[in-house]
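Worksheet: one structure, shown below.
The values are calculated or read from the model by the stated rules, or taken from the named source; none is laboratory data. Because the structure is predicted, anything quoted here is derived from the model rather than measured. Neighbour counts are summed over all protein chains in view; Cβ atoms, including those assigned to glycine, are modelled from backbone coordinates with ideal geometry. Note: areas computed on protein heavy atoms with side chains; ligands, DNA, RNA excluded. Shrake-Rupley method; radii C 1.70, N 1.55, O 1.52, S 1.80 Å.
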Amino acid sequence: MVCGVREGEKIMHSSVIHSYTAWRNSSLASIVLLAALLWLAGGEVAQAARIGDLGEVSAWQQALRFFSFRDAGLRLVLVGCLLLGLNCGLLGGFVVVRRMALVGDTLSHAVLPGIALGFLWNMDKDPVAIMVGATVFGLFGVTVVGWITRTTLLKQDAALGLVLSSFYALGICLVTMIQRLPTGNKSGIDKFMFGQAAALGENDIILMLITTVVTLVVVVVCYRGLLVLSFDREFGQTTGLPMHALHHVVMLLTAFAIVVAMQAVGVVLVSSMLIIPAASAYLLTDRLHRLLIYAAVIGMGTAVLGAFFSFLGNNLPTGPFMVLAGTGVFVICFLFSPRYGWWTRLWRLRSRRLRTEREDTLKAMYRVLENREFHGEGVSAVDVAEYRKDTVEEIQRRVQNLVKTGLATDSEEGQMIHFTPKGYQQACMIVRNHRLWELYLTNVARYAADHVHEDAELVEHVLGEDTVRRLERRLKFPNKDPHGKPIPSVRDMLGMTHEEEGAKMEGGYGYRP
Amino acid sequence: MKEGELESVPALETHDLSVAYHKKPVLYGVDLTIPKGQLVGIVGPNGAGKSTLIKAVMGLLPLRSGWVEVFGQPFKKTKTRVGYVPQRESVDWDFPVNVMDVVMMGRYGKLGLFRRPKKKDRDIARECLDKVKMLPFANRQISNLSGGQQQRVFLARALAQESDLYLMDEPFAGVDAATEAAIIELLKELKERGKTILVVHHDLTTAREYFDSMVLLNMRVVAFGPTEQVFTVEQLQKTYGGRLTLLSDVAGETERQLSGE
Amino acid sequence: MNDFIPAFDWTRVVIDPWAAQFESSFWIVLMGFLATAACGLIGNYLILRRMALVGDAISHSVLPGLAVAFLFSGSLQIGAMFAGAIVAGVLTTLLIELIHTKSRVKTDAAIGITFCSLFAIGVILINVFAGKIHLDTECVLYGEISYVPLESSVKWLGGAIELGPRPVVTMALVFLAVIALIVVFYKELLVCSFDPTLAASLGFSPKVFHYGLMVVLSVVVVSAFESVGAILVIAMLILPGATAQLLSPRLPVVMVLSVLAAALSSLLGYHLGVWMRCSIAGAMVVAAAALFLLVWIFSPEQGLLQRWRRARRVDDGGESRIEENNGYSS
């Protein structure tokens, strides 16, 4: 346990084994994709022209050049971005559901001294030395966070911030010390701060490939264990799964992912490649295996987009652009995710409000009819307005809505309103719901009679047919509400009682099932 | 008691109070009228909304419907007359303050913004600490207290508020027998002085001897009245025996729909 | 390797800075102290409210605020700088809250998303408008505290009184303001941090104080920003407070100790930086971290040594009071 992070996450309550099969199927896709990447990277690697050297070319041509895989240097960049997106996305999925986003951030800042020392090893940008140094320091930093929270009264957030910035400061000191050295190829090291995808070399890509393959294999093979680890680690321990080992493997892989992505994204922002794609995916699905796949895909997309924008902008640092591409995706998911989107929810609320409005009007029409014992034809807008204590204009506006949805028709320029069969059915339903609920509250839950109306006004729009059946059974199929008003029955809804009025109404109650 | 206030004004009145928490309904149409000078126990099963009722009274949770009045006025106007004892777990006991500091917090409401505590406030705080027999610990860091001692500190803080209505959330949870006896002694003394005290309590065996009247709560008020009338097998079965599943299902569904899910 | 770690030369490291280059040393150390102390005081509240990572977020996200302020005002006037920072700080707080209340994304990820995005915007702005914004990436990464003495001096009474370099004067004012605010609102801040429920029932709005704290935090961070950069600020927010909280269980004492820790770390850090010929701001933070490490090991109550000794005593059959109480609090 690194730092007592709460690991419970509801999204994984479905059966572990079922998820596993689903996961196996979908993981095939990622393997195929990886193979394709391998093939691409294996192609002829010419002396890479730095991206952006082209100068005066239109954005469209640049896009063509970037995405067509024709340019060997760009091909390397593209493959690198895809790999790092895939790798970070997958691991980010675990990081986000385990609420360890800021552990990832700490890890990614804590690697800086390791990078500097790795660089110092032979005064060159040697990927392996840098990777070893960075991983060691990253994991050490996370371990120190655990020590601090366990042995002092400081809480996890303070410990994370403390380690993050202290290690970073140490790294800064080392980096500035390296920069004043007269010897060695120092040009590479500043690229580690904000990232430069164009600086990716062949060796970097090979390292990326290895770590990504390892991650994929671990995730596919140990999926069940990882699922349990993320959802309920203590339970996992009781089942005898090697939770500690898995946890450390995940942390190690995350450290690897961060370190290899660093070159392209930069120390400062690399954690966002873990967080943002996974958080976006988290808004799209309720199942962990899908979340991982979406996160990987989003990760690849944002990495490539970021690299492309930085390429367009003449080698501006890559990291910030990747982050912004990710932010764009996140904002879209945040607003428009089918289930959890903010805008989606507002839209749903709005349509629910409109429905409530329609149903209230229908109910008012029903009550007007009921008050005159279902005599006469149609309902006048004035009566409805009076019943609802609304203006006539408001009622007429609402009636237009009813007409549009086929629940009522109007005549005499909106002065008279008539139910359609569907509308009458709904009106009965709402009145029934209202009265059933009032009855339930007074008779079963023992609320005072003056409390129940207001609540029923709200609940009537919510009761589903199942609940209505339960209510009816509980109340032993009542036909009168607490105020003595009849509760419309199924027969009413199909327009079979009140035959007298039904026959009179035009187009209305002739309806038979 | 405030001067010029009618004797008949209840200490606390709620009408049709409904509260939802995380899209789950917790209280549904609660009507209560609690007269002054009573020691009232709020009893009910887990998740019945006991703590929620107290928080809703103080306006700490948004109400879905209904209203609350304290001494005949909205809570905002009478908040200086209300003392609150939260659950012990609700604060961080590693916080770098000592016992005296915590009790002084009870005076902050009377001081308002900008004014600094004076000697008088300190004396009152000391007196309150003495009442709960914690004066010897006044300078101790709060993380070095036992559970019972922590509870007494909270109680002293509430006393320092010098309120007329006290709302206490599980003051007996996890305290030793001596503390429990001391607390109940103190509550009875407060009642003698005309204060009104509402205590959330979950131990049925002691509830009967502690309180003169009782609210049986389970999402709604099942019964409210003098202990001997309310504390019957039939009423308790109603409170503890099964929730009204339909009520909570429907209310839950309403909340979900209202929040747009 | 000798190139890398310069030999410790007493004259060069300790004497010269206070003899030959007294003026510049003085301003650098003073700046470091003021920045660390102001940050540390505010940081104490962040730690107690478990909001250390919100501090992290705001220290990153003042960058775009600063960049935009530069774009609008041309040169960096203090008003524009503060306005930009406050807007950025409040925006960060609002965005974090928006993301985690309006979606299922949890706070930690919401913080990460918000500050990474805003910081990225800031970095892009300063790269794209490099001509107009006089902030370079080095300044963002580790600040330019060594250039502080070169800044134009603030003069009073038509040049009669020379106060000192502009950033130092700003930082000093902010530091005094922080102290004043903490003294005036001591009890409100205390009760809002310790028990927000009680605060609300007493009529102090925890929300108002929360946002107030964020505003002050933004101002403090932005005043220190140019000297120490975005990430080292986090260290200054957390380290002095964390060190002090290991030493004392009383908030007022903690406050004084964190100022002391700030003074000590900026002085030691300056000499470390001179010795190693590295980033002075980075060295100050390393010094502060070393201080924390020492306290963590040797603190009389919570120190590792003390814990170890106590654990041994428990093994011998004695019962430890602290251990028992940690049981209560966890």
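So the values come out like this:
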item	result
Sole residue being open to solvent by less than 10 Å² (accessible area, probe 1.4 Å) and not aliphatic (A, V, I, L, M), chosen from C:Phe194, C:Phe209	C:Phe194
Of residues in region A:425-445 being open to solvent by less than 10 Å² (accessible area, probe 1.4 Å) and in contact (Cβ under 8 Å) with a residue 40 or more places away in the chain, the one nearest to the other protein chains (Cβ to nearest Cβ)	A:Leu436
Output for region C:138-174, where each listed residue is at pLDDT 85 or above and among the aliphatic types (A, V, I, L, M)	C:Ile145, C:Val168, C:Val169, C:Met171, C:Ala172, C:Leu173, C:Val174
Hits in region C:244-273 (condition: within 13 Å of chain B (Cβ to nearest Cβ) and either within 13 Å of the chain's Cα centre (by Cα) or open to solvent by 40 Å² or more (accessible area, probe 1.4 Å) (or both))	C:Leu247, C:Pro249, C:Arg250, C:Pro252, C:Val253, C:Val256, C:Leu257, C:Ser258
Any hit, region C:226-233, residues being within 20 Å of the chain's Cα centre (by Cα), at pLDDT below 90, at positive phi and surrounded by 20 or more Cβ atoms within 10 Å (Cβ to Cβ)	yes
Search result, residues across region A:147-161 that are aliphatic (A, V, I, L, M) and either more than 7 Å from every other protein chain (Cβ to nearest Cβ) or within 30 Å of the chain's Cα centre (by Cα) (or both)	A:Ile148, A:Ala158, A:Ala159, A:Leu160
Candidate set: region C:2-27, residues that are among the small types (Gly, Ala, Ser) and within 26 Å of A:Ile178 (Cα to Cα); chosen: the one least open to solvent (accessible area, probe 1.4 Å)	C:Ser25
Wholly within region B:207-261, helices (runs of 4 or more DSSP H) carrying at least 1 residues that are at pLDDT below 75	B:245-258
Candidates B:Leu145, B:Leu186, filtered to the one that is open to solvent by 10 Å² or more (accessible area, probe 1.4 Å), among the aliphatic types (A, V, I, L, M) and in contact (Cβ under 8 Å) with a residue 12 or more places away in the chain	B:Leu186
Pair list, Cβ < 7 Å and 6+ apart or interchain, from region B:106-117 residues that are more than 7 Å from chain C (Cβ to nearest Cβ) and open to solvent by less than 20 Å² (accessible area, probe 1.4 Å) to residues that are in a helix (DSSP H, G or I) and of a type in the set (Val, Ile, Thr)	B:Arg107/B:Ile124
Evaluation of C:Ala200 against (1) among the aliphatic types (A, V, I, L, M); (2) away from chain A (no Cβ under 14 Å); (3) part of a helix (DSSP H, G or I); (4) open to solvent by 50 Å² or more (accessible area, probe 1.4 Å) (one fails), failing number	(4)
Subset of region B:87-122 [of a type in the set (D, E, K, R) and under 25 Å from the mean Cα position of the chain (by Cα)]	B:Arg88, B:Glu89, B:Asp92, B:Asp94, B:Asp101, B:Arg107, B:Lys110, B:Asp121, B:Arg122
Selection count, region C:126-170, where residues are assigned to a helix (DSSP H, G or I), in contact with a strand residue (DSSP E or B) (Cβ under 7 Å, 6 or more places away or on another chain) and not charged (D, E, K, R)	3
Matching entry among B:Asp92, B:Asp101 (being open to solvent by less than 50 Å² (accessible area, probe 1.4 Å), at pLDDT below 85 and closer than 22 Å to C:Leu48 by Cα)	B:Asp92
Complete set of residues in region C:100-120 that are assigned to a helix (DSSP H, G or I), farther than 19 Å from C:Ile234 by Cβ and at the interface with another protein chain (Cβ under 7 Å from one of its Cβ atoms)	C:Lys102
Elements of type helices (runs of 4 or more DSSP H) in region A:140-234, at least 2 residues being over 29 Å from C:Gly282 (Cβ atoms) and either open to solvent by 10 Å² or more (accessible area, probe 1.4 Å) or among the acidic types (Asp, Glu) (or both)	A:202-221, A:223-231
Condition broken by A:Phe374, with the remaining ones in (1) open to solvent by 10 Å² or more (accessible area, probe 1.4 Å); (2) part of a helix (DSSP H, G or I); (3) touching a residue at least 60 places away in the same chain (Cβ under 8 Å) satisfied	(2)
Selection count, region C:55-103, where residues are open to solvent by 50 Å² or more (accessible area, probe 1.4 Å) and in contact with a Lys or Arg (Cβ under 9 Å, 6 or more places away or on another chain)	4
From the options C:Leu34, C:Leu46, C:Leu41, C:Leu30, residue that is open to solvent by 20 Å² or more (accessible area, probe 1.4 Å), assigned to a helix (DSSP H, G or I), at pLDDT 90 or above and touching a helix residue (DSSP H, G or I) at 6+ places or on another chain (Cβ under 7 Å)	C:Leu30
Residue satisfying condition, being farther than 18 Å from A:Val163 by Cα, open to solvent by 10 Å² or more (accessible area, probe 1.4 Å) and more than 12 Å from chain C (Cβ to nearest Cβ), within set A:Leu90, A:Leu82, A:Leu86	A:Leu82
Residue match in region B:128-135 (condition: modelled with pLDDT under 90 and within 12 Å of another protein chain (Cβ to nearest Cβ))	no
So A:Val382, is it part of a helix (DSSP H, G or I) and open to solvent by 50 Å² or more (accessible area, probe 1.4 Å)	yes
All positions within region C:274-302 that are facing chain A (nearest Cβ under 9 Å) and either over 28 Å from A:Leu112 (Cα atoms) or assigned to a loop (DSSP other than H, G, I, E, B) (or both)	C:Arg277, C:Cys278, C:Ser279, C:Ser299, C:Gln302
Any hit, region A:120-136, residues being outside any helix (DSSP H, G or I), touching a residue at least 24 places away in the same chain (Cβ under 8 Å) and within 8 Å of another protein chain (Cβ to nearest Cβ)	no
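For every residue, the table says whether it meets (1) surrounded by 24 or more Cβ atoms within 10 Å (Cβ to Cβ); (2) more than 21 Å from the chain's Cα centre (by Cα); (3) more than 9 Å from chain C (Cβ to nearest Cβ).
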{"residue": "A:Ile258", "(1), (2), (3)": "yes, yes, yes"}
{"residue": "A:Leu284", "(1), (2), (3)": "no, no, yes"}
{"residue": "A:Ala295", "(1), (2), (3)": "yes, no, yes"}
{"residue": "A:Ala307", "(1), (2), (3)": "yes, yes, yes"}
{"residue": "A:Pro317", "(1), (2), (3)": "yes, yes, no"}
